[in-house]
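This report refers to the structure that appears directly beneath it.
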């Protein structure tokens with residue numbers, strides 16, 4: 001966007017693989033803020049989140065060479081970050097405190113973009129409203145599996161519930177959403 | 001690229017965790033791919049906090065001594081990331097290496113004590129095939145592995161990774177066993193007679209690891225091997241019976257079957273060390 005000389009994420013990552021600290025710093029500056037914020041929406045323990053962010057970027061530093069160019073660098077980093085968080089929560093025997101559900105306020109102006117239409121689905125009815133009407137438990141499962149792309153088992157670890165429960169809640173959430181959007 | 005971007009107020013609300021879930025989800029999905037909005041979010045984040053995290057991170061990376069094994073593997077010409085992966089495998093850590101050496105030494109001493117006058121090395125042969133298999137299971141599982149969450153998220157084929165790690169583990173243990181076997185009294189052939197059973201056990205272990213957690217696999221196979229070898233020896237009235245050429249063919253076939261089973265279901269390994 002206007003800054004044509006700017007290096008792309010994958011170019012930075014290639015430099016990081018060669019041990020370029022400056023490129024690593026640039027990558028960190030680009031991605032650490034949103035990774036930190038997003039992890040915070042998954043876990044309310046600030047120390048655990050800080051550790052997860054550090055672990056994530058330590059892993060990026062060490063394994064930049066293993067990024068194979070498929071998919072967004074951002075998505076790759078997030079994949080590491082969310083699993084790192086799950087790992088930390090699991091090791092500590094803690095479970096995540098879902099920061100969800102307290103704010104089911106109505107907001108008229110929904111954020112819509114070409115990309116996000118798939119998610120918000122305004123053409124197919126008020127998905128956002130339907131999501132907000134889900135119970136916090138169901139919404140947490142939708143968030144973990146659909147938005148964060150976790151497997152059932154990973155979602156179970158993140159939310160601290162059995163994998164079977166994740167499946168049944170997902171089924172209920174799906175049924176409710178389908179009903180709300182029909 | 002879209003021309004649509006986030007409003008600063010929305011980003012602020014997100015950072016304060018006061019944005020509703022649906023809009024937060026929309027923002028998250030957008031930010032992953034939009035560098036403009038990432039920048040906006042970064043500008044509105046707590047810069048001091050991120051800076052502090054960065055400095056901790058750098059300190060940590062600088063302090064991180066690459067393990068001795070990793071450095072050795074690097075010197076042997078392995079690629080950096082491959083060397084790190086192998087080096088971080090549990091087998092390469094000293095407790096595990098020590099355990100392997102200990103078992104090997106115990107087998108050797110036991111053998112030397114019991115069979116001081118014998119010309120074969122049967123006792124050693126019974127124990128040795130188990131060791132590479134134990135190496136395989138240990139190199140695989142999350143029980144002993146600290147870095148597996150990162151590994152799972154890394155777009156490096158987990159199947160290849162699992163194979164790489166376990167093969168590395170098996171190779172080292174096998175080599176150790178081979179050296180130990182050569183130092184035993186008896187014909188040199190004895191030093192290699194345990195290799196096929198070891199290969200079969202390792203291959204079956206690897207095939208099973210896609211389906212079961214490591215510890216049950218290790219226990220199951222250890223018991224199965226001992227029962228099989230013991231029963232065969234008793235039945236044939238010859239303690240060396242499990243190592244006769246005809247039986248060796250069975251091991252080879254078993255290893256081949258396990259290899260085929262593994263190769264046909266590589267996606268089994270998508271979740272390396274999945275259970276805890």
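Bear in mind that the values in this text are calculations on the coordinates, not laboratory data. Quantities reported herein were computed from a predicted structural model and do not represent experimental measurements. Here Cβ is always computed from backbone atoms with ideal geometry, including for glycine, and neighbour counts include all displayed protein chains.
Tabulated results
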| quantity | calculated |
| --- | --- |
| By average C-beta atoms within 10 angstrom, highest first, the peptides A:127-135, B:238-246, A:79-87 | A:79-87, A:127-135, B:238-246 |
| Projected label distance in nm at residue B:244 and residue A:22, using a 7 Å step from Cα toward the beta-carbon | 7.3 nm |
| Calculated FRET value between residue B:59 and residue A:46, using beta carbons and R₀ = 22 Å, to 0.05 | 0.70 |
| The stretch A:125-182: C-alpha gyration tensor shape, a/c 1.5 cut-off, then a/b vs b/c | prolate |
| Segment residue B:109-residue B:3, extension gain: residue separation times 0.36 nm, minus the distance between their alpha carbons | 30.7 nm |
| Whether the stretch A:1-65 is rounded, prolate or oblate, judged on the alpha carbon gyration tensor where a/c under 1.5 counts as rounded | oblate |
| Spin-label pair residue B:219/residue B:252, simplified geometry with 7 Å Cα→Cβ offset, distance in nm | 3.5 nm |
| Cβ neighbours within 10 Å from other chains - mean over A:15-21 | 1 |
| Estimated FRET transfer efficiency when R0 is 41 angstrom, pair residue B:33-residue B:211 (beta carbons, to 0.05) | 0.70 |
| Cβ-Cβ FRET estimate between residue A:7 and residue B:43, R0 fixed at 22 Å, reported to 0.05 | 0.70 |
| Residue B:51 versus residue B:182: modelled label distance in nm, points set 7 Å from Cα along the beta carbon direction | 6.0 nm |
| Shielding by partners, peptide A:50-62 (average Cβ within 10 angstrom, other chains) | 5 |
| Shielding by partners, peptide B:51-60 (average Cβ within 10 angstrom, other chains) | 5 |
